[in-house]
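One structure is given here, and the rest of the page talks about it.
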Amino acid sequence: MPGLGALGAFKDRASGVFSRNPQYEEFEFDQKEGYEKTFGAGAGSPESLPSPERPPLRHIDKYVRPECPCLSKRFTIAVLTCIGFVISFGMRCNMGMAKLEFEHETLKLNWTVGVESAVDSSFFWGYLVTQIPGGFLASLYPANRIFGTAIACSSFLNLLVPGAKSLESPVLLIIVRIMQGLVEGVTYPACHGIWRFWAPPMERSRLATLAFCGSYAGVVLGMPLSGILTGWISWQAPFYFYGIAGLIWYLFWLWLSFEKPAKHPTISARELMYIEQSLGQSTQVAMPTFSTTPWRDFMTSLPVYAIIVANFCRSWNFYLLVLFQATYLQRSFGFEIAETGLVGALPHLLMTIIVPLGGLLADYVRRSGLLSTTNVRKLFNCGGFGLEALFFIVVAYAKTAVTATTALTFGVAFSGFAISGYNVNHLDIAPRYASILMGMSNGIGTIAGLICPIAIDNITSDKTDKSCWKTVFIMAAMVHFVGITFYGLFASGELQPWAEPTEEQQAEWENAAKKPQIKDITQAETNLDADSSSQIIPQQAASNYGAVQHVPGNPFANYVEQEQIQPPAQDTYMHGTVDDRTY
C-alpha cells in the first residue's frame, strides 16, 4: 500500500537522523557518482572509507564520548559557538536594564551625561583594542581555546560588576567593563579561525550564520530575561545569572570542541575526509605572522573596505538597539521595565530565525549556480540593510507604540539577511587571513559602539523631549544607505590574488609533504573503528594527529594495505561465540 510505503520511508529517514551515526548533510556524498566526482574514480563508496588515525581518547572520553546525538561534529561546534554568543551578548543587555532601575528614586545615581556615556561606551574601549590582536592569537594558538577562554573570562568579570557599582565610584565599574571588552574582543576573530578548519566552502554560510545568530539570540533572551530578573529580584540578578551560565558553558566547550577535525578523537572517517578534501591545501600552509601578513594589500583592497564599511554600519544600528531600544520604548510610550525587555526582544527573535535561514538560502543559491558568490553577498547584504533602513524611517515618524514596535520588528528581522553578506565575506576573499580581516572589520565596527552611545546620549539628553528620537532613527537609516552604496559598488566574493600562498610558501609546503613520517600506531588507536579489517599505514607526512594528506585525485592514493604483524587472536573465550567458550 502507498501509505505503508510512505510510513516505512519516514521511519527509515527518522532512524537515520536519530541513529548514533547520523546521515551527515554532505552534498557530494549523497550518491556514489557525486562521491567519486569529489574524491576521484574508484574511490569506492562512503561506507568503504578507511579508518583515519585519531588522537588517543582523553580520560573523560573513555566514559562519555565527546559528541552530541544527531549532530555531526562540525554542527556541534556551530551550536556550541552559538550558545557562547548567546551568553556573551546577553551580558551586554544587563547594564541597559540596570540603568532603567537606577532611575528610580531609591537607586538614583547622580551621573552626568559624560559619566553615563563613559559607562555605556567603556566596554567598547577594550573591545576595540583586542580585535586585530585577536586575529593573530587565533592564528598562533588553537582558535577554539581562544574563543572559549574569552567567554569564560568575561563571565567571571560579569560577576564583579555588582560589587564594582556598589562602591559608588564609576571608575571601578568602568575598569571592569573595559576588561570585559578586552577579553571579548577576540571572540569574532577566533570564531573565523575556527571555521577556517571546520567549514567546507559550500557550508560556510550555514555554519557561520548558525554560530553568529547566537549574538542576536543573546539579545532575544538577554533583554526580557534581564528585565524580568531586574524587576522581580534585583538589578544584580542578571549579572550573577549570566556569569554563572558562562562558566558552566565553558566546561562543555572544553569537552566538545577541538581545534580541527583531525584532532577530534571520535570523528567519523566520512566527515573527516569530507571536510579536509573540501578545504584542500589551504589549511596546511603555515599560518600568517605579523611580518608575512600583506598589510599593504589589505589597505589597497576595495573588497576589504566594503566589508569594513558594512560592519561599521551594521554595528551602529545594532548597538543603537541593544543600548537604547528599551529607553526609547519607555520614554516614548511609557513601557514598564519588564515590558521593554519583552517587546524589545521580539525583533531580535525574528532576526535569530532569519539569520540561519538566510545562510541556508545563500548556500543554495551559490551551489545551484543561480548567482555568483559576489552577487549573492551583494544581494543579501544590500537587501537586508535597505529593508532595515526603510523600516527605521517608519519608526522615526511613528505616533503609536503598535506602529513603532511593528516597524522595529520587521526592520531588525530583515536585516538578518545581511549576515550572509558581509559577515561571511571574509572567508570568501581571503580564508587564510579571515580571522585577521575579521579583527580589522570588527575593530572598525567597534568604533561605532564608541561613537553611538555618546551621540545618542547627547541627542536625547532632554528626557522629556520625545521628538529627539526622530533624529536618532533617521540618522540610523542614513548610515545604512551609505553602507548599501559602498558595498554594492566594491564588494567581491572571489578569492583575492594576494590571499593565495606565495611560491616560496607553496614550495615549502610541498617539500614538507614529501618527507616520510614514522609513527607507531597502538592497538588502542586501531580499534577505534571496528569496521576496519586491516591496519592502514600512511606513507607520506600527514598533519597533526594523522590527518589525511591531500593529493590530486583519490585522497587515499598514498595509503597501502599491509599484512598485520600480530597474528589474529585465537582465544575462544574473548573472540569466539557463546557456544565456543570454554569455562
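The values are calculated or read from the model by the stated rules, or taken from the named source; none is laboratory data. Just so we're clear, the structure is a prediction, and the values are computed from it rather than from any experiment. As a convention, Cβ positions derive from the backbone with ideal geometry for all residues, glycine included, and neighbour counts pool all protein chains shown. Heads up: the accessible areas ignore ligands, DNA and RNA and are worked out on the full protein's heavy atoms, side chains in. Shrake-Rupley method; radii C 1.70, N 1.55, O 1.52, S 1.80 Å.
Tell me which residues, restricted to region 328-341, are part of a helix (DSSP H, G or I), open to solvent by 20 Å² or more (accessible area, probe 1.4 Å) and at pLDDT 75 or above.
Within region 328-341, Q330, R331, F333 qualify.
Condition first: more than 21 Å from M91 (Cβ to Cβ), outside any helix (DSSP H, G or I) and in contact (Cβ under 8 Å) with a residue 24 or more places away in the chain. Now tell me which residues in region 127-146 satisfy that.
Once the filter is applied, which keeps residues that are more than 21 Å from M91 (Cβ to Cβ), outside any helix (DSSP H, G or I) and in contact (Cβ under 8 Å) with a residue 24 or more places away in the chain, region 127-146 yields only P142.
Checking the condition under 16 Å from Y240 (Cβ atoms) and open to solvent by 10 Å² or more (accessible area, probe 1.4 Å), which residue from L167, L172, L157, L182 passes?
None of the others qualify; the one that does is L157.
Which number in (1) farther than 30 Å from R367 by Cβ; (2) part of a helix (DSSP H, G or I); (3) open to solvent by less than 30 Å² (accessible area, probe 1.4 Å) marks the one condition that L247 misses?
L247 satisfies all of (1) farther than 30 Å from R367 by Cβ; (2) part of a helix (DSSP H, G or I); (3) open to solvent by less than 30 Å² (accessible area, probe 1.4 Å) except (3).
Quick one: count up the residues across region 204-222 that are closer than 26 Å to I275 by Cβ and open to solvent by 10 Å² or more (accessible area, probe 1.4 Å). Spell out the reasoning first.
Keep residues of region 204-222 that are closer than 26 Å to I275 by Cβ, which gives 204-215, 217.
Filter once more, so that each one left must be open to solvent by 10 Å² or more (accessible area, probe 1.4 Å): 204, 206, 210, 217.
Here the count works out to 4.
Within region 305-314, work out how many residues are open to solvent by 10 Å² or more (accessible area, probe 1.4 Å) and farther than 19 Å from Q496 by Cα. It would help to see each step written out before you state the result.
In the first step, residues of region 305-314 are kept if they are open to solvent by 10 Å² or more (accessible area, probe 1.4 Å); the result is 305, 308-309, 312.
Cutting the leftovers down to farther than 19 Å from Q496 by Cα gives us 312.
So the answer is 1.
Let's see how each residue does on (1) over 30 Å from V186 (Cα atoms); (2) over 19 Å from the mean Cα position of the chain (by Cα); (3) surrounded by fewer than 16 Cβ atoms within 10 Å (Cβ to Cβ); (4) at pLDDT 90 or above:
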residue	(1), (2), (3), (4)
L437	no, no, no, no
A448	no, yes, no, no
D462	yes, yes, yes, no
A477	no, yes, no, yes
